[in-house]
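The structure appears below as structure tokens.
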Amino acid sequence: MAAYDEHYKGAVQPIELMRAQMSKEEFMGFLRGNIIKYASRCGKKDGIIKETAKLLQYAVWLHQTAKNEKLKID
């Protein structure tokens, strides 16, 4: 994500593990679900800046997955 929290700094990122364990269709559904989640609560939980950053990161990963590209993790 744009600004990872400390708990996302391990050797293997959870998003990479999920990608490896799910089919492409399942993973794309997971990404779409997170886009919907962050869009629907935008500005209600963590503030609009943080929520839109998360939404955009999931959208980038969805785009990369659709193009069969490796996920770019910041």
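By the beta-carbon count within 10 Å of each Cβ, the least crowded to most crowded order of Ile49, Ile15, fewest first, is Ile49, Ile15. Stretching Ala11 away from Met28 to a fully extended chain increases their span by 3.8 nm, per 0.36 nm per residue minus the current alpha-carbon distance. Return the tail of the calculated pair distribution for region 12-66, meaning the percent of Cα-Cα pairs more than 15 Å apart. The answer is 47 percent, as a whole percent. Within the shell defined by Cβ-Cβ distances under 15 Å, the residues around Phe30 carry a net charge of +2, with Lys and Arg each +1 and Asp and Glu each -1.
Every read-out reported here was derived from the displayed coordinates using simple, explicitly stated rules and does not represent laboratory data. Keep in mind the model is a prediction, meaning the values are calculated, not measured. Glycine gets a Cβ as well: all are built from the backbone with ideal geometry, and neighbour counts include every protein chain shown.
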